[in-house]
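Here the structure comes first, spelled out in structure tokens, and everything after it is commentary.
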Amino acid sequence: MSDFPGALPADSVGYRISCTPKNGDRFVIAGHEPGGEDTQRVVLLEGGFRGGVSEPDIATTEQPWGLGLVQAGHVKFADMTGSLEVVAWSNEHAAAENFRDWRSAWLSTLPPKPGAPYRPIVLDVVNRAGLGVWTPAVLDSVPAAPDREPRLSRYVKDSISWRSLSGCWFSPVERYSGNFVVVPRGDAVPRCRLQWTGRAGTVRFPDGRRVSLPGVQGGPFFIDLDRGMSGHVTRVSDGVTVPGVWAGLRGYIQGVSLALHERVRWELSPGLELLVENRHFSPWK
């Protein structure tokens with residue numbers, strides 16, 4: 001890596017940073033995968049990770065007695081933006097191929113046709129202790145042409161501007177079933193979903209509400225428990241909305257907002273799991 005200017009030694013920052021598109025062609029741009037090959041096709045330059053910090057909208061209101069402020073409503077996340085300054089390189093004059101694969105991975109995040117959804121890359125940041133966060137990132141603007149002919153070079157610099165539609169970073173998913181206690185940890189209320197096989201069952205929410213779910217075909221499903229999502233139902237296999245099942249749950253499934261660092265108890269019957277992803281404002285932990 002010392003053969004091109006500005007390269008960041010892989011272990012100097014103490015973080016492993018990777019980008020994984022939908023096709024699974026993973027790029028580890030800083031650090032190394034445990035047990036993986038000691039090579040990188042694309043390398044993050046020193047100071048090349050910019051932005052990537054949430055700007056949440058936290059509304060406040062004055063206390064009724066006029067002393068101090070309290071949070072009003074729920075935290076809202078705007079799009080989070082950032083950029084990556086990297087070098088695609090090779091010892092065997094294959095920089096052009098690595099550069100092409102890297103560019104293609106980011107271009108593939110754009111919708112293939114009007115009205116189609118984005119296909120985000122998983123941008124993953126893991127510290128030395130093995131604790132990581134991730135965000136779904138898409139290309140924010142089409143990058144400029146490279147400053148040199150890739151086919152004639154051992155390295156090619158590139159700059160990618162990205163944005164995250166989620167507006168935050170997520171911890172790896174935590175799964176719970178049966179009777180259990182959850183203690184949310186993060187910077188904002190966690191994302192909560194139910195994974196449901198379609199089997200008839202019941203859910204007892206932390207506030208004491210007990211909801212019965214009918215038996216349905218076509219599972220497994222995700223039920224989104226974020227506020228404002230009204231129990232949105234999607235298929236686990238492809239993320240497609242299932243209108244018939246969703247309509248059958250309207251009025252029964254409501255969003256939940258779990259208070260940070262407070263113990264809450266849930267009860268789920270067989271065929272149901274709770275998936276919790278803690279939200280974070282920054283990847284640097």
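The values are calculated or read from the model by the stated rules, or taken from the named source; none is laboratory data. On a predicted model such as this, the values are computed, not experimentally measured, just so you know. So basically every Cβ, Gly included, is an ideal-geometry build from the backbone, and we count neighbours across all protein chains shown.
In the range 65-86, is there at least one residue being closer than 19 Å to VAL156 by Cβ, at pLDDT 90 or above, surrounded by 11 or more Cβ atoms within 10 Å (Cβ to Cβ) and more than 20 Å from the chain's Cα centre (by Cα)? Even if it seems obvious, please write down each step before you answer.
Within the range 65-86, the first condition is being closer than 19 Å to VAL156 by Cβ, and the residues that meet it are 83-86.
This time we only want the ones that are at pLDDT 90 or above, so: 83-86.
If we keep only those that are surrounded by 11 or more Cβ atoms within 10 Å (Cβ to Cβ) as well, we get 83-86.
Of the ones still in play, those that are also more than 20 Å from the chain's Cα centre (by Cα) are 85-86.
Yes, there is a match, as at least one residue in the range 65-86 is closer than 19 Å to VAL156 by Cβ, at pLDDT 90 or above, surrounded by 11 or more Cβ atoms within 10 Å (Cβ to Cβ) and more than 20 Å from the chain's Cα centre (by Cα).
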Pairs, please: C-beta under 7 Å, at least 6 apart or cross-chain, first residue of a type in the set (S, T, N, Q) and in the range 80-91, second outside any strand (DSSP E or B)? THR81/ASP140; SER90/ASN98; SER90/ARG154
From the option list SER54, SER18, single residue qualifying as surrounded by 11 or more Cβ atoms within 10 Å (Cβ to Cβ), part of a strand (DSSP E or B) and modelled with pLDDT of 70 or more is SER18
Do any strands (runs of 3 or more DSSP E) lying entirely in the range 173-283 carry at least 3 residues that are within 20 Å of the chain's Cα centre (by Cα) and modelled with pLDDT of 95 or more, and which ones are they? 174-176, 188-196, 221-224, 272-280
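Among the residues of the range 233-262, how many are of a type outside the set (Ser, Thr, Tyr) and closer than 22 Å to ALA188 by Cβ?
Let us first name the residues in the range 233-262 that are of a type outside the set (Ser, Thr, Tyr), namely 233, 235-236, 238-240, 242-251, 253-256, 258-262.
Imposing the further condition that a residue be closer than 22 Å to ALA188 by Cβ reduces the set to 253-256, 258-262.
So the answer is 9.
Yes/no per residue for (1) more than 22 Å from ALA200 (Cα to Cα); (2) of a type in the set (A, V, I, L, M, F, W, C):
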| residue | (1), (2) |
| --- | --- |
| GLY219 | no, no |
| PHE222 | no, yes |
| ALA247 | no, yes |
| PRO270 | no, no |
| LEU275 | no, yes |
| ASN278 | yes, no |
| PRO283 | yes, no |
Since LYS113 meets every condition but one in (1) modelled with pLDDT under 85; (2) over 23 Å from ALA30 (Cα atoms), which condition does it not meet? (1)
For ARG151, which of the numbered conditions (1) buried (at least 16 other Cβ atoms within 10 Å of the Cβ); (2) touching a helix residue (DSSP H, G or I) at 6+ places or on another chain (Cβ under 9 Å); (3) more than 21 Å from GLU55 (Cβ to Cβ) fails to hold? (1)
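For every residue, the table says whether it meets (1) closer than 20 Å to TRP134 by Cα; (2) in contact with a strand residue (DSSP E or B) (Cβ under 6 Å, 6 or more places away or on another chain).
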site: VAL181; (1), (2): no, yes
site: VAL216; (1), (2): no, no
site: GLY244; (1), (2): no, no
site: ARG250; (1), (2): no, no
site: SER269; (1), (2): no, yes
site: LEU275; (1), (2): yes, yes
